[in-house]
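The values are calculated or read from the model by the stated rules, or taken from the named source; none is laboratory data. These figures come from a predicted structure and were not determined experimentally. All Cβ positions, glycine included, derive from the backbone under ideal geometry; neighbour counts span all protein chains shown.
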Amino acid sequence: METIQIDILNPKAKKLLKDLADLNLIKINKENTKSDFSSLLKKLKSNSDDEISLDEITDEVEQIRKLRHEK
């Protein structure tokens with residue numbers, strides 16, 4: 001099986017693809033990257049017992065920036 005990503009420029013092409021799917025010649029998978037990212041964030045947040053404050057995030061970012069600039 002080969003997977004490709006296409007951009008549909010004409011609504012007629014979408015109809016053709018749906019017809020091919022109805023004939024079981026292709027399978028259409030809709031990707032929803034926003035939803036995937038949201039579910040990943042929820043999963044990561046659920047693994048954490050305590051919340052991180054904005055100050056803690058800022059401190060961490062500043063430490064990493066300092067390390068990068070020292071190189």
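Quick notes
- The set of residues from region 21-57 being over 23 Å from the mean Cα position of the chain (by Cα), at negative phi and at pLDDT 90 or above comprises Ala21, Asp22, Leu23, Leu25, Ile26.
- Of all residues in region 13-63 being β-branched (Val, Ile, Thr) and surrounded by fewer than 10 Cβ atoms within 10 Å (Cβ to Cβ), the one that is farthest from Glu2 (Cα to Cα): Thr33
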